[in-house]
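Before any comments, here is the structure.
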Protein chains: 2
Amino acid sequence: MAPNLDGYFKQVDDLGDAFIERLRKAVAIPSISAEDARRPDVVRMGNWLAAELKSLGAEVELRPLGKQPHKEHLELPPVVVARYGRDTAKRTILVYGHYDVQPAEKSDGWATEPFELTLDDKGRMFGRGSTDDKGPVLGWLNAIEAHQKAGVDFPVNLLMCFEGMEEYGSEGLDDFIRAEAGKYFADTDAVCISDNYWLGTEKPCLTYGLRGCNYYSVEVSGPAADLHSGVFGGQAHEPMTDVAHLFSKLVDSKGNILIPGISEQVAPVTADEESLYSSIAFTMANLHESLGSKTTIHETEKPTLMARWRYPSLSLHGIEGAFASPGAKTVIPAKVIGKFSIRTVPDMDIDKTNAAVIKYIQDEFAKLNSKNTLKAECMHAGKWWVASPKHWNFSAAAKAVERVWGVAPDFTREGGSIPVTLTFEEATGKNVLLLPMGSSTDGAHSINEKLDKRNYIEGIKLLGAYLHYVAEEPQT
Amino acid sequence: MAPNLDGYFKQVDDLGDAFIERLRKAVAIPSISAEDARRPDVVRMGNWLAAELKSLGAEVELRPLGKQPHKEHLELPPVVVARYGRDTAKRTILVYGHYDVQPAEKSDGWATEPFELTLDDKGRMFGRGSTDDKGPVLGWLNAIEAHQKAGVDFPVNLLMCFEGMEEYGSEGLDDFIRAEAGKYFADTDAVCISDNYWLGTEKPCLTYGLRGCNYYSVEVSGPAADLHSGVFGGQAHEPMTDVAHLFSKLVDSKGNILIPGISEQVAPVTADEESLYSSIAFTMANLHESLGSKTTIHETEKPTLMARWRYPSLSLHGIEGAFASPGAKTVIPAKVIGKFSIRTVPDMDIDKTNAAVIKYIQDEFAKLNSKNTLKAECMHAGKWWVASPKHWNFSAAAKAVERVWGVAPDFTREGGSIPVTLTFEEATGKNVLLLPMGSSTDGAHSINEKLDKRNYIEGIKLLGAYLHYVAEEPQT
């Protein structure tokens, strides 16, 4: 039975200006986690958020994470954890967000002051953190407030986990989540994260998958120091030559991975999965606009989205130790380190993939008959994540989208990784849903970051509606 | 008939301390051409040199070269030109050297003050410019003085050309040499340059060839801006992939150039040339020491020296625009510029080589079927130089080496380029000889640059003896 949401929705509309004012206050605190000097502002932002939550009647704790690794003079900002509701008859939803932001200076090219929320006549609300991730975080608070003022019973118990280091690698958070999985987060029934974006600008989506990433270094060394190519060219095996040959064996110009043992691990496309692609709001023109060029490998949407979401890709990032500046330098670099990474997908195994990659590089290097020395290794690896979009967590969200936006959502994956997603899934053992509020043009890490007023206000309705459908959705 | 040089030699020995004192004064002037703030010291050095020459009775002129290109607030230091002797019955030898030096700071790692000439108990005279090139330049002045004090007639007319910008690309010098070829340098019979080094530490050499250098850029561009490999990996043609494939087609790990039309241009080895290699004082151990590794392509000396001197080589220098720092960055670079160069040898033609290289890169790029955009071009090119070691200029020098050092010199080439050599040859149309004073361990551009006292004193004898043999050598 569809929940009665009219009173809640009207209250959200009535409180719209107050909710924008709340966002304005949040944006005004420059909580830049990557800049040491801004650490007090990050902490201030955490305290402000905790105070807002308390004023709404939530139980709040500021949990310290200790010193920042490699920067022992800095304390990590606290994790703000909060609980709203303790009714054992209700489902408990754990939501995650972050209250820190990317760096921003007006001089970077912003049209407005980055830490002053500025609305234009198209309803765009410009400001650092507006969409990433202060708008969505405040969405949960606003949903609570609108329920209270509308006199509507809150449909679930809400557990909240808001961190202050997301834009700097979420330092310390994984350990915290794992430690609290059986404690603070123990009665979680499902997880919802609002920290990604619609695929386009018009159609909402629910995100059920992310690719993983295995990052590799291929170091080739020869002489003890850089050489002059005039004096030594032609007499010694050159590490750059070896790395160029190895790079050329990894991937072809059409993006095909040439390493045996990779494609064999990729899960076949099922009919269920394939059916999700047909209606997705995405055109090649969208991609051409994002790229700023028409240099796409595929000509149509479906293989393009599959390449982004469900097939692995290999990118050559660059070479450390070689000549990389403008101009002409006649150097033979003594030691070069090629960097590349593979985006991984179900059912690729990290260790099996690493073994295949390293063995292949070693075999190809042996074929070169070079006297140089090779060292190939995986620098870091993060697993892919795929949730079941058939879970009640997703079906509840899908119904909420239809109710608020009048359209069935796209079920999407993303090509990149949001590591905390997998951490929550593994630590709690529960279904995780990515429920975005902003759209593809928000420019999360760019200048002129914005959140459309419409996405903010309807997004608040969506978060609340989602919780109501969660309360009604049968077990799956 | 061997000239009587005993009186001259004895005088050089007697004046040894005074000559070292002259070098000490020269080294004390930090004439660093690459540092704007040192420009007055470079000019002071030129003036000091001119004054020394005048005190020896030479006719001296300081020739201005105008403003420094791209640094219009700086005057280029003057070229010091001088003439010693105007006897039309004598041959006229034009000698070149430079009075500027490389940068040096004690804090770079020098064991002594770089601008204080410091002798150690092994007879090494440490100081910036000691061997490059103040020692050799003063060698000519010392030779004049020793002739005067010994009462020995100077055997030739000596034209001198000493510049102050060699360590900064010899700005303005080429035009000056060409302009003066028919004027100040008009009666030149041959040219001698003492600005290179012995192949090793024990055996003198005469240098008759240098390789040229064609430097190329291979730019591949695709998207309008750098991309995130998570979001876009697998969907667009990646410029780095294309450059890696192009690089792998240029040269193999054994240094073989894979571009058609290059090796076809290389002059065959003649029996005359081959005979010069048999006695050369060079071992694979020397090369291993220089490299700091045993990663040599060839196993024996002769093919190694031929690879350095008389065959082309291709070195991949690096990639501009890609990720080049330590760490792991998941970027797809939007535009990358591969840099490589070919060391050229007789009879390679610059234009023909460029045409072959560019066409080959374009053909190989077409095979990749990439939608990216290619721009390949030659950034700069300098021609190789080979002189006839049978010319009287060389045979005179060879006899002088035998007389002073008691051993026949090695006839060597060098892998790198000294562009002024070719300029003098082309402008004057005369034979050019490279007659080094210092040895391979002098560390010309390094910390702890030195000139051995033995090489300095015997080198002064050698320069004088060379001029005596020049005077007697029959026309070739």
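Of the residues making up the stretch A:185-214, those that are of a type in the set (S, T, Y), out of contact with any Gly (no Cβ under 9 Å at 6 or more places or on another chain) and assigned to a strand (DSSP E or B) number 2.
Residues in the stretch B:115-159 that are in contact (Cβ under 8 Å) with a residue 24 or more places away in the chain, of a type in the set (S, T, N, Q) and open to solvent by 10 Å² or more (accessible area, probe 1.4 Å): B:Q148 alone.
Restricting to the stretch B:309-321, give me the number of residues that are facing chain A (nearest Cβ under 7 Å) and either open to solvent by 20 Å² or more (accessible area, probe 1.4 Å) or in contact (Cβ under 8 Å) with a residue 24 or more places away in the chain (or both). Even if it seems obvious, please write down each step before you answer.
Step one: list which residues in the stretch B:309-321 are facing chain A (nearest Cβ under 7 Å), which gives B:311, B:313, B:315-320.
When the remaining residues are screened for being either open to solvent by 20 Å² or more (accessible area, probe 1.4 Å) or in contact (Cβ under 8 Å) with a residue 24 or more places away in the chain (or both), the result is B:311, B:313, B:315-317, B:319-320.
So the count comes out to 7.
With respect to the conditions (1) more than 13 Å from chain A (Cβ to nearest Cβ); (2) in contact with a Pro (Cβ under 7 Å, 6 or more places away or on another chain); (3) crowded, with 22+ Cβ neighbours inside 10 Å; (4) farther than 20 Å from B:P268 by Cα, B:V357 falls short on a single one, namely (2).
Among the criteria (1) away from every other protein chain (no Cβ under 12 Å); (2) crowded, with 16+ Cβ neighbours inside 10 Å; (3) among the hydroxyl-bearing types (S, T, Y), the one A:S388 does not fulfil is (2).
Counting just the residues of the stretch B:215-248 that are assigned to a strand (DSSP E or B) and modelled with pLDDT under 95, which one comes out surrounded by the most Cβ atoms within 10 Å (Cβ to Cβ)? Before the answer, list the steps.
Within the stretch B:215-248, the first condition is being assigned to a strand (DSSP E or B), and the residues that meet it are B:215-221, B:227-228, B:236.
Filter once more, so that each one left must be modelled with pLDDT under 95: B:227-228.
Numbers: B:L227: 23, B:H228: 14.
Going through the qualifying residues, I end up with B:L227.
Checked against (1) in a loop (DSSP other than H, G, I, E, B); (2) of a type in the set (S, T, Y); (3) within 18 Å of A:G230 (Cα to Cα); (4) modelled with pLDDT under 95, B:Y311 passes all but a single condition, namely (4).
Return yes when B:G109 is touching a residue at least 24 places away in the same chain (Cβ under 8 Å) and more than 16 Å from B:G127 (Cβ to Cβ) and no when it is not.
In short, no.
Could you say which residue among A:S370, A:S341 is assigned to a loop (DSSP other than H, G, I, E, B) and at the interface with chain B (Cβ under 8 Å from one of its Cβ atoms)? Can you show your working first?
Details: A:S341 fails: assigned to a loop (DSSP other than H, G, I, E, B).
Selected residue: A:S370, the only one of A:S370, A:S341 that is assigned to a loop (DSSP other than H, G, I, E, B) and at the interface with chain B (Cβ under 8 Å from one of its Cβ atoms).
Matching residues to (1) touching a strand residue (DSSP E or B) at 6+ places or on another chain (Cβ under 6 Å); (2) part of a loop (DSSP other than H, G, I, E, B); (3) surrounded by fewer than 14 Cβ atoms within 10 Å (Cβ to Cβ):
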position	(1), (2), (3)
A:P3	no, yes, no
A:V12	no, no, no
A:D17	no, no, yes
A:P30	no, yes, no
A:L65	no, yes, no
A:T88	no, yes, yes
A:Y96	yes, no, no
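Name the one entry in B:P436, B:P474 that is part of a loop (DSSP other than H, G, I, E, B), open to solvent by less than 10 Å² (accessible area, probe 1.4 Å) and touching a residue at least 24 places away in the same chain (Cβ under 8 Å).
On the way: B:P474 fails: open to solvent by less than 10 Å² (accessible area, probe 1.4 Å).
Sole residue among the options that is part of a loop (DSSP other than H, G, I, E, B), open to solvent by less than 10 Å² (accessible area, probe 1.4 Å) and touching a residue at least 24 places away in the same chain (Cβ under 8 Å): B:P436.
Looking at the stretch A:167-184 only, could you name the residues that are at pLDDT 95 or above and either of a type in the set (D, E, K, R) or out of contact with any strand residue (DSSP E or B) (no Cβ under 9 Å at 6 or more places or on another chain) (or both)?
Step one: filter the stretch A:167-184 for residues at pLDDT 95 or above, giving A:173-184.
Result: A:D174, A:D175, A:R178, A:A179, A:E180, A:A181, A:G182, A:K183.
For the stretch A:251-264, state whether one or more residues are in a helix (DSSP H, G or I), closer than 19 Å to A:D347 by Cα and at pLDDT 95 or above.
Residues of the stretch A:251-264 that are in a helix (DSSP H, G or I), as a first pass: A:263-264.
Checking the rest, the ones that are also closer than 19 Å to A:D347 by Cα come to A:263-264.
Add one more test, that the residue is at pLDDT 95 or above, and what stays is A:263-264.
Yes, the stretch A:251-264 contains a residue that is in a helix (DSSP H, G or I), closer than 19 Å to A:D347 by Cα and at pLDDT 95 or above.
Within the stretch A:189-200, being out of contact with any Phe, Trp or Tyr (no Cβ under 7 Å at 6 or more places or on another chain) and surrounded by fewer than 20 Cβ atoms within 10 Å (Cβ to Cβ) holds for one residue alone: A:D189. In the stretch A:254-287, of all residues being open to solvent by less than 50 Å² (accessible area, probe 1.4 Å) and under 19 Å from A:G200 (Cα atoms), the one that is nearest to the other protein chains (Cβ to nearest Cβ) corresponds to A:L287.
Does the stretch A:336-352 include one or more residues that are more than 24 Å from the chain's Cα centre (by Cα) and open to solvent by 10 Å² or more (accessible area, probe 1.4 Å)?
Looking only at the stretch A:336-352, we keep the residues that are more than 24 Å from the chain's Cα centre (by Cα), and these are A:336-338, A:352.
Those still in the list that are open to solvent by 10 Å² or more (accessible area, probe 1.4 Å) too: A:337, A:352.
Within the stretch A:336-352 (the criterion being more than 24 Å from the chain's Cα centre (by Cα) and open to solvent by 10 Å² or more (accessible area, probe 1.4 Å)), the answer is yes, since at least one residue qualifies.
In the stretch A:273-289, the residues that are within 10 Å of A:F411 (Cα to Cα) form Cβ pairs under 7 Å with partners that are open to solvent by less than 20 Å² (accessible area, probe 1.4 Å) and part of a helix (DSSP H, G or I), at six or more places apart or across chains, as follows: A:Y277/A:L305; A:I280/A:L305. Residues in the stretch B:212-243 that are under 29 Å from B:W384 (Cα atoms) and facing chain A (nearest Cβ under 7 Å): B:C213, B:Y215.
When B:S278, B:S290, B:S325 are checked against the criterion of being part of a helix (DSSP H, G or I), over 16 Å from B:Y216 (Cα atoms) and among the polar types (S, T, N, Q), a single residue qualifies: B:S290. Residues that are open to solvent by 20 Å² or more (accessible area, probe 1.4 Å), within 7 Å of chain A (Cβ to nearest Cβ) and part of a helix (DSSP H, G or I) within the stretch B:293-308 comprise just one, B:R308.
The values are calculated or read from the model by the stated rules, or taken from the named source; none is laboratory data. Note that the structure is predicted; figures quoted are calculated from it, not measured. In this analysis, Cβ positions are derived from the backbone assuming ideal geometry, glycine residues included, and neighbour counts consider all displayed protein chains. SASA here: full protein model, heavy atoms, side chains in, ligands and nucleic acids out. Shrake-Rupley method; radii C 1.70, N 1.55, O 1.52, S 1.80 Å.
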